[in-house]
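**Q** The structure that follows is given in the form of structure tokens.
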Amino acid sequence: MNIGLIHFRVGDIDGVSLEMEKWLDVLKRMHFKAYLIAGETGSAVGFKIPSIAYLDKRNNIIKQKSFVSLGDWTEERLINEINKQISIIYNELEQMIDLDILLVNNIFSLAHNPAAAVAIYRYCKYNGIEMIGVHHDFYWERDFYMHPTSKYIEKILELYFPPMDITHIVINSFAQEKLRMKKGIESYVVPNVFNFNQPPWQLDDYNIKLYDKLNISKNDIIFLQATRLVKRKAVELAIDTISIVQNKLKDYLGNITYNGKKITKDTKIVLLLPGLPEEADYVESITKYAKEKNVNLKPAFSISNDIRHEEQEIFSLWDFYAIADFIAYPSVIEGFGNQLLEAIFSKKPIMMFEYPVYKKDIAPFGFDIVSLGSSFKQDNGFFKLSQDELNRAAEQVLNILFDFKKASSMVRKNFELGKKYFSYNTLEKKLKKIFIDEGLISK
């Protein structure tokens, strides 16, 4: 059986791309022939459908005309342009390998490319390909998509986002409830997973170069926030907490951290950011804010990728985890939390905001974290916590940093829970059940 996994992009370090690579591994482990399909394939091997690329120029014009303003276009012209784009994408899809099942990631849910959704749906229906919509994000969760500029776009949203007559998978129980309430559609919940059986990420002769590359001392304390740099990732909450930890570090001169670093008068705390800077204004504002708070921010996206490229001195995301002492995960909104599973696998202590999906779908398993609470205020475009919450979190961070027994117990417990509930075995069991329930395979 041939199974395709399609998205706007793969082979990148965004959450959907990373998750698709995991599904690919698991499907192959289940003895299916599985293939990645995307507009841009990055470092991955897959079939290219150029017109669904995330940054496709024609689509980005259509997207603006569909959800911002028609401008000098009429609705008739918008319809014509979308139909042209549907034909182009359909023709590109015909160059693909024959498929039995197509796992459609976000294309039926985010409305980033209306023509792609229509083309993929029509192509699969005509060719008898079973479709499974894998929905990481929905258009109604984004302000951008809330004001369609024409009845035609409203109709496309109604019919294709998502289609009623396909199988649906979501990544959390909130999304399952919302999809049922908004569209009357039932869905399966399949959480994000991670390969807990792979070799651990450790310091080696290559990633140790990151210290010199980023001008970090061997006794500096490294906090890693491996998320993309967008507002909802709330880097400012990490900055606020680290600022307090930095100010208290002078009380720990001569002390040794849980992993053997000695605190001297020259020890700095570094907040390392290897993620994609997708909102330039936000990156500029947190850079300025970090300076005001005397926090040493280290953007590293220019030397980060999903895999190493040693000849270009590019490091994998996992190399940054290897040099980290503490993981910062202050994001206030997540569909699930890829970076949380990465942090758990890395066996590093975690400081995080308890975003709603974490509280409902993940926290009940009993993970041990430094909590930044679960409520916030907003001020001048930044997320803010109470001073009491920040002080409490900073105190916890320091207690863990300098207590080998506590740090070891925390990371070991989290790893075992992660392996039990969010491993590849979890994904394999859930996919097998879905395929059987939907009549795609026999028991």
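**Q** From K443, K405, K429, K377, which residue is of a type outside the set (A, V, I, L, M, F, W, C), free of Cβ contacts under 8 Å to residues at least 40 places away in the same chain and in contact with a strand residue (DSSP E or B) (Cβ under 6 Å, 6 or more places away or on another chain)?
**A** K377
**Q** Right, here's the next one. Please tell me if K261 is surrounded by fewer than 20 Cβ atoms within 10 Å (Cβ to Cβ) and either closer than 21 Å to S346 by Cα or under 29 Å from the mean Cα position of the chain (by Cα) (or both).
**A** yes
**Q** Find the residue count for region 322-331, including only residues that are in contact with a Pro (Cβ under 9 Å, 6 or more places away or on another chain) and either without any contact (Cβ under 8 Å) to a residue 24 or more places away in the chain or not in a strand (DSSP E or B) (or both).
**A** Final tally of qualifying residues: 2.
**Q** List the residue pairs whose Cβ atoms are under 7 Å apart, where the first residue sits in region 303-321 and is buried (at least 20 other Cβ atoms within 10 Å of the Cβ), the second is of a type in the set (D, E, K, R) and assigned to a helix (DSSP H, G or I), and the two are 6 or more positions apart or on different chains.
**A** Y321/E342
**Q** State yes or no: is L401 in the same structural domain as S285 (by TED's automatic domain parsing), at pLDDT 95 or above and not basic (K, R)?
**A** yes
**Q** Still on this model: Please go through region 15-39 and give me each residue that is of a type in the set (D, E, K, R) and crowded, with 21+ Cβ neighbours inside 10 Å, ordered by number.
**A** Matches in region 15-39: E19 only.
**Q** Please specify each residue of region 337-357 satisfying the condition of being over 24 Å from A175 (Cα atoms) and part of a strand (DSSP E or B).
**A** Answer for region 337-357, where residues must be over 24 Å from A175 (Cα atoms) and part of a strand (DSSP E or B): I350, M351.
**Q** Residues to consider are Y54, Y35; find the one that is of a type in the set (F, W, Y), touching a residue at least 12 places away in the same chain (Cβ under 8 Å), assigned to a loop (DSSP other than H, G, I, E, B) and in contact with a strand residue (DSSP E or B) (Cβ under 7 Å, 6 or more places away or on another chain).
**A** Y54
**Q** Within region 162-186, how many residues are touching a residue at least 24 places away in the same chain (Cβ under 8 Å) and either touching a Cys at 6+ places or on another chain (Cβ under 7 Å) or surrounded by 19 or more Cβ atoms within 10 Å (Cβ to Cβ) (or both)?
**A** Matching residues across region 162-186 total 10.
**Q** Please indicate, with yes or no, whether at least one residue in region 95-103 is modelled with pLDDT under 95, farther than 25 Å from K432 by Cβ and surrounded by fewer than 17 Cβ atoms within 10 Å (Cβ to Cβ).
**A** The answer is yes, given that some residue of region 95-103 is modelled with pLDDT under 95, farther than 25 Å from K432 by Cβ and surrounded by fewer than 17 Cβ atoms within 10 Å (Cβ to Cβ).
**Q** Taking the stated definitions as given, is T257 farther than 30 Å from N380 by Cα, in contact with a Leu (Cβ under 9 Å, 6 or more places away or on another chain) and polar (S, T, N, Q)?
**A** The answer is yes for T257.
**Q** Which count do you get for residues in region 124-171 that are assigned to a helix (DSSP H, G or I) and either of a type outside the set (S, T, Y) or at pLDDT below 95 (or both)?
**A** 16
**Q** Does I120 satisfy the criteria of being in contact with a strand residue (DSSP E or B) (Cβ under 8 Å, 6 or more places away or on another chain) and closer than 30 Å to D72 by Cα?
**A** Yes; evaluated as a whole, the condition is true for this residue.
**Q** Let me spell it out: the conditions are (1) in a loop (DSSP other than H, G, I, E, B); (2) among the polar types (S, T, N, Q); (3) in the same structural domain as E94 (by TED's automatic domain parsing), and Q176 meets all of them except one. Which number is the exception?
**A** Here Q176 clears every test but (1).
One line per residue, one yes/no per condition, for (1) assigned to a strand (DSSP E or B); (2) under 30 Å from P162 (Cα atoms); (3) touching a strand residue (DSSP E or B) at 6+ places or on another chain (Cβ under 9 Å); (4) assigned by TED's automatic domain parsing to the domain that holds D388:
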position: N215; (1), (2), (3), (4): no, no, yes, yes
position: F223; (1), (2), (3), (4): yes, no, yes, yes
position: R232; (1), (2), (3), (4): no, yes, yes, yes
position: V245; (1), (2), (3), (4): no, no, yes, yes
position: L249; (1), (2), (3), (4): no, no, yes, yes
position: Y258; (1), (2), (3), (4): no, no, no, yes
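**Q** Still on this structure, please answer the following. Of all residues in region 276-293 being modelled with pLDDT under 95 and not in a helix (DSSP H, G or I), which is farthest from D204 (Cα to Cα)?
**A** E279
The values are calculated or read from the model by the stated rules, or taken from the named source; none is laboratory data. Note that the structure is predicted; figures quoted are calculated from it, not measured. In this analysis, Cβ positions are derived from the backbone assuming ideal geometry, glycine residues included, and neighbour counts consider all displayed protein chains.
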